[in-house]
Amino acid sequence: MSYRGRAKQFLESQNISIGDMISIKKETVKYRGMLLDRAEDADQLHIVLKMDSGYNVGIAIDGAEVELIDKGEKPEINLPPLDIQRDPEKKDVSIISTGGTVASIIDYKTGAVHPAFTADDLLRATPELLDEANISGKAIMNILSENMKPEFWVQAAQSVADEISGGADGVVVAHGTDTMHYTAAALSFILETPVPIVLTGAQRSSDRPSSDAFLNLMSSVAIAKSDIAEVTVCMHSTENDNQAHIHRGTRVRKMHTSRRDTFNSINSPPLARVKEGKVKIIDKNFHYHKRGECQLEVNDSLEEKVGFIKSYPGITTELLDYHIDKGYKGLLIEGTGLGHCPDHLIPSLQRAADEKVPVVMTSQCLYGRTNLNVYSTGRKLLTAGVIPAGDMLPEVAYVKLVWALGQTSQREEVKKIMQTNLKGEINEKSSSKYFLRDYGE
């Protein structure tokens, strides 16, 4: 049993284990459901039930009255390997899992959600994939996406490159949603790809009736078969289960904590939509790289010692000086408005420039672009050597700075890289036509 501490003692005293049907009464409210598994490091004071509605509920054990309704069966399940023949008429799509729920399977005896480590697991969970492509699958890591690190971006990039070198016509990367846009940007800069690379995830786990996992995975495979040979993110475009949007990996951001259509393209339209398995380009004037236009390249040298600082009222010079004193090789500042920060930070910014530490300025407004030529503060920042980042998203600029410093340690070369549009991360001109536009139709 994965429960520990007081929760474990409480359940053992009641002769209750994972998979049992129980009822719990708390004051005047009574819950009925199946006891679910939990992580080893989960809260010691709560247990989780799957109710008849299909939703899960967490309940504090303090003061609870518990009744065992039925002992759950826990049979050994040894499924034979699937005997699936490769169809030469279909494209070969590799699915790589880094964690998250989109490529997970459910043990309905215990309610536990497990990562799908093999192609067999994926196809048992989503057999409809066989109608679309020849599927291979493997897990390269199993982490919560908030635990993602630059070294894991390299691991993912190398695994994707291996699949492409092995003949994959497209690669889908299953990823947790919290930091998916960081990984999408990282893979965009690290890889030159002749085939589609699609990141996808799920806001709601596949054991919930409202899960978005199925549509996201099926739509991602459709993109992996298309001619959009870029790193993209594929997720629901509405709260309904009718279509998904395809976002360029350097233009996408998670915008809501729980909505299924949480991912939006910023300062840009989505590349395409997928509806009923069909891919449609949204803006025909939107240039994208097509299948086979380049050879596979991997440029995976990164500099992890890059600071990411948000400007705010009351920010002190100690925050910048700390990073410089600790030997950080670059700083990304998420400034206010057009790319501003308080005047009293300028001596520290000048110090960074004197010590050859590039400082890049973005805007926390997200939409629009930095412009340090409008107000006196901006001009002082330019004089202090701050590098404006155009209309790059702060997260993308941070990832690009990590990558740029991995390519060169020369400040002027880093500046040139940061201000050059490499993967669609910078628009040459500002435009407000994409501001909060609804592309969900």
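Counting only residues at least eight positions apart within a chain, or on another chain, the aspartates and glutamates with an alpha carbon under 13 Å from that of LYS225 are GLU89, ASP92, ASP131, GLU132, ASP169. Here the Kirkwood formula, the inverse mean of 1/r across different C-alpha pairs, assigns segment 92-298 a hydrodynamic radius of 16.5 Å.
I'm a student and want to see the number: the projected area of the Cα convex hull of segment 132-214, averaged over all directions, in nm². Could the numbers behind the result be given before it?
Details: hull surface 23.8 nm².
Mean projected area for segment 132-214: 5.9 nm², to one decimal.
How many percent of DSSP beta bridges within segment 306-419 run antiparallel, rounded to 5? Beta bridges within segment 306-419, antiparallel portion: roughly 10 percent. Take every DSSP beta bridge whose two residues both sit in the chain; close to 60 percent of them are antiparallel.
Pull out the extension gain between SER430 and GLU65, defined as 0.36 nm times the separation in residues minus the alpha carbon to alpha carbon distance; nm, one decimal. Walk me through the numbers before you get to the answer.
Values: separation 365, 0.36 × 365 = 131.40 nm, distance 6.16 nm.
Length difference between fully extended and current span is 125.2 nm.
The dipole here belongs to the chain: it is taken about the Cα centre, uses +1 on the Cβ of Lys and Arg and -1 on the Cβ of Asp and Glu, and is about 1260 debye. Full extension of the chain between ASP438 and THR408 gives 6.8 nm of extra length, using 0.36 nm per residue less the Cα-Cα distance.
Relative contact order, whole percent, for the chain stands at 11, derived from Cα pairs under 8 Å and 6 or more residues apart.
The C-alpha atoms of the chain define a longest principal axis, and helix 180-190 lies at about 50 degrees to it. Between THR383 and GLU297, the distance separating the two model label sites (each 7 Å from Cα on the Cα→Cβ line) works out to 3.9 nm.
Restricting the calculation to alpha carbons of segment 256-380 gives Rg and Dmax of 19.6, 57 angstrom. Principal axis analysis of the Cα atoms in the chain yields extents of 73, 58, 38 Å, listed in decreasing size. For the cross-link pairs LYS138/LYS329; LYS326/LYS380; LYS380/LYS429; LYS91/LYS280; LYS254/LYS380; LYS329/LYS380, the ones whose C-alpha atoms lie over 28 Å apart are LYS138/LYS329; LYS254/LYS380. The local environment of GLY330, defined by Cβ-Cβ distances under 11 Å, has a net charge of +4 under the rule Lys, Arg +1 and Asp, Glu -1. Quick one: compute the contact order of segment 5-70, relative version, from alpha carbon pairs under 8 angstrom and 6+ residues apart, as a percent. Here the relative contact order equals 36 percent.
A Stokes-Einstein calculation at 20 °C with viscosity 1.002 mPa s, built on the Kirkwood radius of segment 324-394 over Cα pairs, returns a diffusion coefficient of 180 µm²/s. Tell me the angle of helix 150-165 to the major Cα principal axis of the chain, expressed in degrees between 0 and 90 and rounded to the nearest ten. It is inclined by approximately 80 degrees. For the pair CYS365 and ASP178, label points projected 7 Å from Cα toward Cβ lie 3.0 nm apart. Legend: calculated FRET efficiency, GLN9 to SER53, from the Cβ-Cβ distance at R0 = 22 Å, rounded to 0.05, equals 0.15. Take segment 5-70, drop everything but the C-alpha atoms, weight them equally and run the Debye formula without solvent; then report log10 I(q)/I(0) at 0.26 Å⁻¹ to two decimals. Here log10 of I(q) over I(0) equals -1.31. Near GLU239, once Lys and Arg are set to +1 and Asp and Glu to -1 for all other residues with Cβ below 13 Å from its Cβ, the sum equals -1.
If you look at the Cα atoms of segment 299-354, you get an Rg and a Dmax of 12.0, 39 Å.
Out of the total accessible area of the chain (probe 1.4 Å, heavy atoms of protein only), what percent is carbon and sulfur? Looking at the chain in its full context, I get 47 percent from C and S.
The values are calculated or read from the model by the stated rules, or taken from the named source; none is laboratory data. These numbers were taken from a predicted model, which means no experiment stands behind them. A quick note on method: Cβ atoms are made from the backbone with ideal geometry, for glycine too, and the neighbour counts reach across all protein chains shown. What goes into the accessible areas is simple: the full protein's heavy atoms, side chains included, and nothing from ligands, DNA or RNA. Shrake-Rupley method; radii C 1.70, N 1.55, O 1.52, S 1.80 Å.
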